Structures are given as structure tokens and as C-alpha cells.
Amino acid sequence: MKQTNLLYSGKAKSVYRTDTKGKLIIEFRDDITAFDGRKKDVLKNKGNFNAEVSAFVFRYLEKNGVKTHFVKMIDENKMIVRELSMIPLEVIVRNLTAGSLVRKYPFKEGSPLNPPVIVIDYKDDSRHDPMLNDDIIIALGLTTSAELKKIKTICLKINHLLKDFLAKQGIILVDFKMEFGRQGKTIYLGDEISMDSMRLWDKKTGKSLDKDVYRFDKGDVMATYNLVTKRITTTKTRVHKKR
Ligand code: 5GP
């Protein structure tokens with residue numbers, strides 16, 4: 001498969017067409033941004049770390065029956081993916097209170113959310129990704145009611161799978177963001193699952209192991225990404241029993 005023209009360039013990834021219908025190439029670049037792109041840097045190997053973790057997570061989820069866009073890695077920071085028609089939603093699952101939830105609502109940081117809380121934002125930097133509710137999503141025609149129900153079921157399944165395997169490495173999955181797209185009528189998990197999109201805390205020390213290190217200048221970002229990549233990609237995955 002050959003990479004052809006650039007289709008789209010986002011804040012940290014570029015998407016290329018290929019000579020094969022229905023397949024795209026995603027390049028994970030070394031760019032890192034925060035606060036709607038107001039803070040930005042280039043950090044060597046960051047693209048590689050996020051690509052590796054994303055590929056690992058996609059494989060693990062596929063093994064457990066979750067449909068993802070992932071096909072295969074072709075380079076240390078490039079993967080072939082299924083072309084999807086993306087739904088402009090950021091679907092966030094939260095297991096503990098942190099981040100914007102603590103800033104906006106009277107939660108104490110680090111309180112367990114049982115059952116997990118799903119927050120869905122409209123993916124639009126110019127509007128600062130405003131939070132949606134089911135009625136707005138449907139009124140905007142972003143999904144049907146059945147699709148929204150399906151997305152919520154898939155994201156809770158993904159949360160269960162991810163939380164379980166990260167716990168084995170002493171990592172707490174505080175919250176994470178997913179994006180979905182369609183091919184025909186089928187919904188697939190798209191985009192990435194990486195240190196940029198998950199909020200991870202070390203179980204022993206409580207330290208941040210994700211992009212919060214960059215957002216809030218908490219330490220050496222690349223040393224953290226490197227360590228987390230090793231911890232995640234050396235974890236043995238297993239096929240879970242049907243719940
Ligand atoms: P919060 O709403 O607390 O800022 O973010 C919740 C979770 O979703 C965090 O794990 C955060 O990394 C992820 N998240 C929220 N918005 C974005 C976004 O625009 N891009 C990425 N990569 N992750 C996001």
C-alpha cells in the first residue's frame with residue numbers, strides 16, 4: 001500500500017490517503033499541544049510513543065470484540081486504518097473525578113465515580129468543545145438515538161477492558177476520551193487511545209502519567225511517556241469472558 005496525498009493535518013496527527021480504497025494512513029507527529037492549541041511544543045519520539053500505545057490498545061480491544069479502525073503499524077509512528085466518516089464527538093468516560101469535572105462542578109478531586117460517568121463534548125476547538133446532552137446530539141443530527149445508545153455501550157465496555165489491564169501495571173485509569181466514526185452502518189472506535197487522551201495516575205505514588213505532565217508542567221514529559229509506553233506495552237493482555 002502506498003501513501004498518497006495529505007487529507008487532513010490536526011494538532012498532533014496527519015492523515016494521508018493511500019492507493020487502496022477505504023484505507024488511510026495516520027501519522028503520529030512529535031507535536032504536543034494543550035489548551036485548544038494555545039500551548040505547543042515538539043518533543044522527539046512523542047509520536048512514536050503514542051502510536052505504539054494506541055496500536056497496542058486497539059489490538060487488545062479488537063481481541064475482546066471491540067471494532068476499531070486499526071489495521072496495522074507500518075512505521076514507528078504510522079498506522080494503516082480503516083477510513084471512517086468521523087462523528088464530531090469527544091466521548092469521555094470518567095472513573096474518578098479530575099480535570100474539567102472538578103473545575104466546573106463541586107467535586108473533590110480523586111473521588112470514585114461508580115458507575116463511571118460519560119461526558120460527551122462537541123469536537124470544535126473554536127467553541128472550546130462544549131458539553132452536549134443527548135437531545136442536543138440528536139437535534140444536531142450528529143447521531144441517531146440508537147447510535148448514541150450503541151456508542152455509550154461500546155465506551156463502557158472499552159472502559160472496563162482498559163481499566164482492568166492498566167490496573168495490572170499499577171496504573172489507575174482516571175478518565176479518557178474516545179472518538180467514533182462510521183463505515184456504512186457500523187460504528188468503529190477511531191482516532192487514538194494514548195497518553196494524550198487518557199488521564200492516568202500511578203497507583204502507588206498518585207503521580208500523573210499522561211499529558212497533564214505537559215499541561216501543568218509537572219515534570220519530564222518524554223521520560224513519563226517513555227516509561228508509560230513500556231509499562232503498557234509489556235502488559236500481557238487477555239481475552240475477557242463475555243459480560
Ligand atoms: P477534561 O474534560 O478533564 O479536560 O478531560 C477528560 C479526559 O479527556 C482527559 O483524559 C483528557 O486527556 C481527554 N480529553 C478531553 N478533551 C480532549 C481533547 O480535545 N484532546 C485529547 N487528546 N484528549 C482530550
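The values are calculated or read from the model by the stated rules, or taken from the named source; none is laboratory data. Computed from a predicted model, the values in this text were never measured in an experiment. Cβ coordinates were reconstructed from backbone atoms using ideal geometry, including for glycine residues, and neighbour counts include every protein chain displayed. Only protein heavy atoms, including side chains, enter the accessible area calculation; ligands, DNA and RNA are left aside. Shrake-Rupley method; radii C 1.70, N 1.55, O 1.52, S 1.80 Å.
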Checklist entry - Say the dipole of segment 81-208 comes from +1 at the beta carbon of Lys and Arg and -1 at that of Asp and Glu; which of Leu173, Ile151, Pro130 then lies farthest toward its positive end? => result Leu173
Checklist entry - Which whole-number percent is the relative contact order of the chain (Cα, under 8 Å, 6+ apart)? => result 18
Checklist entry - If the convex hull of the alpha-carbon atoms of the chain is projected onto planes in all directions, what is the mean projected area in square nanometres? => result 13.3
Checklist entry - Roughly how many debye, to the nearest 20, is the charge dipole of the chain about its Cα centre, given +1 on each Lys and Arg Cβ, -1 on each Asp and Glu Cβ, and no other charges? => result 960
Checklist outcome for this item: Contact order relative to length for segment 85-220, counting C-alpha pairs under 8 Å separated by 6 or more residues, stands in percent at 23
Item to check | Cβ-defined net charge surrounding Ile187, 9 Å radius [Lys, Arg +1; Asp, Glu -1] | outcome: +3
Checklist entry - Taking amide H positions as placed 1.01 Å from N in the peptide plane, with prolines and chain starts having none, which residues 5 or more places from Asp30, or on another chain, fall under 5 Å of its amide H? => result Gly47
Checklist entry - For the cross-link pairs Lys21/Lys157; Lys63/Lys177; Lys11/Lys185; Lys2/Lys40; Lys13/Lys104; Lys40/Lys168, which exceed 25 Å when the distance is taken from alpha carbon to alpha carbon? => result Lys21/Lys157; Lys11/Lys185; Lys2/Lys40; Lys13/Lys104; Lys40/Lys168
Checklist outcome for this item: Sorted by accessible surface (1.4 Å probe, heavy atoms of the protein chains only), largest first, Asp210, Asp36, Asp196 come out as Asp36, Asp196, Asp210
Checklist entry - From the backbone phi of segment 173-187, what are the Karplus-calculated ³J(HN,Hα) couplings (6.51 cos²θ - 1.76 cosθ + 1.60, θ = phi - 60°) in whole Hz, Gly and Pro given as x? => result 8, 6, 6, 7, 10, 10, 10, 10, x, 10, 10, x, 9, 8, 9
Next on the checklist: Against the empirical 2.2 N^0.38 Å scaling, what ratio does the C-alpha Rg of segment 3-82 come to?
Outcome noted: 1.14
Item to check | For the chain: accessible area per residue (Å², 1.4 Å) | outcome: 52
Item to check | Members of Lys108/Lys207; Lys39/Lys204; Lys108/Lys230; Lys203/Lys230 lying beyond 25 Å, as alpha-carbon distances in this model show | outcome: Lys39/Lys204; Lys108/Lys230
Item to check | aspartates and glutamates with Cα under 16 Å of Lys218, excluding same-chain neighbours fewer than 8 positions away | outcome: Asp41, Asp196, Asp202, Asp210
Checklist entry - Once fully extended, how much extra length lies between Ser100 and Asn133, figured as 0.36 nm per residue of separation less the alpha-carbon to alpha-carbon distance? => result 10.2 nm
Item to check | Net charge contributed by nearby residues that have their C-beta within less than 13 Å of Lys207 (K/R +1, D/E -1) | outcome: +1
Checklist outcome for this item: Against the 2.2 N^0.38 Å rule of thumb, the C-alpha Rg of segment 85-220 sits at a ratio of 1.07
Checklist outcome for this item: The alpha-carbon center of segment 109-188 and that of segment 203-228 are separated, in whole Å, by 23
